[in-house]
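I have placed the structure first, in the form of structure tokens, so that the comments after it can refer back to it.
The values are calculated or read from the model by the stated rules, or taken from the named source; none is laboratory data. Since this is a predicted model, take the numbers as computed values, not measurements. So basically every Cβ, Gly included, is an ideal-geometry build from the backbone, and we count neighbours across all protein chains shown. Each accessible area value is taken on the protein alone, full model and side chains, heavy atoms only, with ligands, DNA and RNA left out. Shrake-Rupley method; radii C 1.70, N 1.55, O 1.52, S 1.80 Å.
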Amino acid sequence: MPVLVLLAVTLSGCGDKPAPQAVAAPPVTVAQPTKRTVTDWDEFTGRFDAVEEVQVRARVGGFVTSVEFRDGAFVKAGDLLYVIDPRPFDAVAEQADGQLSDARAKVELAKRELERGLTLVQTSAVSEQVVDQRRQALQAAHAAETVAEGALKAAQLNIEFTHVLAPIAGRVSRHLVSVGNLVQGDTGASTLLTSIVSMDPIYIYFDVDEATYLKNNKLWFEGKRPSSRDTPNPVQVALTGETKPSHEGRMDFLDNRLDVSTGTLRSRAVIPNHDLSILPGQFGRVRLIGSSPYEALLLPDTAIATDQSRKIVFVVKDDDTVEAKPVILGPLDEGLRVIRDGLKPEDRVIVEGLQRARIGAKVSPHPAKPAPAGGKT
């Protein structure tokens, strides 16, 4: 009998079902969009180039007697670079000086002859024809004096050219001609001695695509952005390997036509280079101001999802259910993405736990921790 009672209790227990347990809403972290004043920047790849670049060439021929600079050094305008043997030019200058003295003596003689003739013609001791001849002789003597003066100046100039000076301040390249070599100074065939590039400031050239040019041109017509043709708009430059811009400058030049082969507009900015750390030929990423300042809503990129061709964010409504909102994105600004359209300042956006959110399902929202004092959001 006890066995039958136990069996009945066991069977009755197998027929009972456990009460269903409520499924907890998944936790997510939410935050309202950051609101601040931002400025759009367009980014391009550019190459640095010297503001001034000079090829130093020999202006007179001769043998190089000394090299007066260290390869790769910084030189000032007027510093001595090369010395070419000046002795042949000294001899030519002495000869020209003697010819000038002879020409001046002939001028003095012609003056006295003319003065004497003018006196004698008054007493008819000489004819007018003789006076005219002496006047013409004085003019010829003056002409010969002018030629002699020019020859002396040219000879002295050649002596000056034997000392090759730096025409600009900048960093000099290596010496291309050593002591003892013969250089040519003829026009069109002069010997290249070295080159100098200026360092501070420095240019950076970059190409603006046609779409960006048209956008900026429209903003200029609407009065929302100054034109770089008329205004030195600010630029920021990041060097290779840098994640943030390290140099600032200003626009300096826009070309007068688009390159038909690339559809781009050659542009140029001037960058201060006081520490001489940037060399011509380096690459850099140029950020050019692309708008006037405006109020914007921003979110971290991690809060933005992709739905086929759309960008969406998940918003928690008042009843704690999830809603997907399509948004239009703008550029990054200090690590946050500008949201051009689709959000309201009061929206609670899921910034962490997107994988646990389902559209229409309830979630357990928790506010994001505030950024540390002094930090950027």
- Message: Can you compute the charge dipole magnitude of the range 186-336 about its Cα centre, using +1 on each Lys and Arg Cβ and -1 on each Asp and Glu Cβ, nothing else charged? Give it in debye, rounded to the nearest 20.
- Response: 380
- On a 0 to 90 degree scale, rounded to 10, what angle separates helix 128-161 from the longest Cα axis of the chain? 40
- Accessible area of the chain divided out per residue, in Å², using a probe of 1.4 angstrom: 61
- Scaled to the compact-protein estimate 2.2 N^0.38 Å, what is the alpha-carbon radius of gyration of the range 292-377, rounded to two decimal places? 1.11
- Query: Roughly to the nearest percent, how much of the accessible area of the chain is carbon and sulfur, given a 1.4 Å probe?
  - Reply: 54
- Electrostatic dipole magnitude of the chain [Cβ: Lys, Arg +1; Asp, Glu -1; Cα centre; debye, to 20]: 1240
- Averaging sequence separations of C-alpha pairs under 8 Å and six or more residues apart, then dividing by the length of the range 83-169, give the relative contact order as a whole percent. 51
- Message: Students often forget the sequence filter, so: which lysines lie under 29 Å Cα-Cα from residue 244 once same-chain residues fewer than 8 apart are removed?
- Response: 35, 215, 218, 224, 311, 369, 376
- Task: Assuming 0.692 mPa s and 37 °C, estimate D for the range 112-250 with Stokes-Einstein, Rh taken as the Kirkwood radius over Cα pairs, in µm²/s.
- Result: 139
- Message: Helix 210-221 against the longest principal axis of the chain: what's the angle in degrees, Cα atoms only, rounded to the nearest 10?
- Response: 90
- Task: Output the relative contact order of the range 210-344, whole-number percent, from Cα pairs under 8 angstrom with separation of 6+ residues.
- Result: 17
- Task: Only one of the values (1) 319; (2) 222; (3) 154 was calculated from this structure for volume of the Cα convex hull per residue in Å³; name its label.
- Result: (1)
- Task: Express in % the proportion of alpha carbon pairs of the range 202-327 at distances exceeding 17 Å.
- Result: 69
- Note on the structure: Along the dipole axis of the range 114-208 (charges at Cβ: +1 for Lys and Arg, -1 for Asp and Glu; origin at the Cα centre), the most positive-end residue among 156, 208, 136 is 156
- Space enclosed by the convex hull of the alpha-carbon atoms of the range 49-202, per residue, Å³: 142
- DSSP loop chymotrypsin sites (Phe, Trp or Tyr not before Pro) in the range 261-334 with at most 12 other Cβ atoms within 10 Å of their Cβ, which ones? none
- Task: Taking H placed 1.01 Å from N in the peptide plane, check which residues at least 5 places from residue 339 or on another chain put their amide H under 5 Å from its amide H.
- Result: 297, 298, 299, 330
- Message: Per DSSP helix of 4 or more residues, -39500 (n - 2.57); summed, then divided by the residues of the chain. What does that give at 222 nm, rounded to the nearest 500?
- Response: -9000 deg cm²/dmol
- Query: Between rounded, prolate and oblate, where does the range 37-128 land on the alpha carbon gyration tensor, with a ≥ b ≥ c its root eigenvalues, rounded for a/c under 1.5, else prolate if a/b exceeds b/c?
  - Reply: oblate
- Between 256, 220, 233, whose Cα lies farthest towards the positive end of the dipole of the range 201-270 when Lys and Arg beta carbons carry +1 and Asp and Glu beta carbons carry -1, centred on the Cα centre? 220
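If contacts are Cα pairs under 8 angstrom and at least 6 residues apart, what is the relative contact order of the chain in percent?
Relative contact order, the chain: 27 percent.
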- Computed for the range 53-152: size of charge dipole around the Cα centre, +1 on C-beta of each Lys and Arg, -1 on C-beta of each Asp and Glu, debye to nearest 20, value 200
